[in-house]
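Quick notes on the structure that follows.
We did not get these values from a lab; they are worked out from the coordinates using the rules stated. Computed from a predicted model, the values in this text were never measured in an experiment. All Cβ positions, glycine included, derive from the backbone under ideal geometry; neighbour counts span all protein chains shown.
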Amino acid sequence: MPGRGLVAYAAKLHALINHFHVELRAPNVPFIVGQLGRFAGSPWNEFKTEVDRAHRELPAKIPHTAFVASESWPTKATRPISTPTPTANSAVATPRRISGR
């Protein structure tokens, strides 16, 4: 059963996406949410875990949305200086799923 924090956060996120679609007069414009970073020495608390769950569940609930996982992205601590930082245009950032109901 989702916690109250998850329900409240998800409702606000859904309202925000709807607001963008209405204001832009573009109901089919994609909305992509990226996973929160996970870093050694800074474990997720319950709230971050719930936010991650809301982000992962988004494509199943809201049309034209996608979730992009960051688990395989290197952190500054593990990335060699010569390795470019992944960007929204990189192959790593390709959304796993876009719902088009």
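Before moving on, here are some points about what is shown:
- Where labels lie 7 Å past Cα in the beta-carbon direction, separation of Thr49 and His19 in nm: 2.9
- Extending 7 Å from the Cα toward the beta-carbon at both Ala69 and Val29 defines two label points whose distance is 2.9 nm.
- The phi torsions of the stretch 51-67, fed into the Karplus equation with coefficients 6.51, -1.76 and 1.60 and a -60° offset, translate into couplings of 4, 4, 4, 4, 5, 5, 7, 3, x, 7, 10, 10, x, 6, 10, 8, 10 Hz, rounded to whole numbers, with Gly and Pro shown as x.
- Among the trypsin sites (Lys or Arg not before Pro) found in the stretch 6-53, those both in a DSSP coil and sparsely packed, with 11 or fewer other Cβ atoms within 10 Å of their Cβ, are Arg25.
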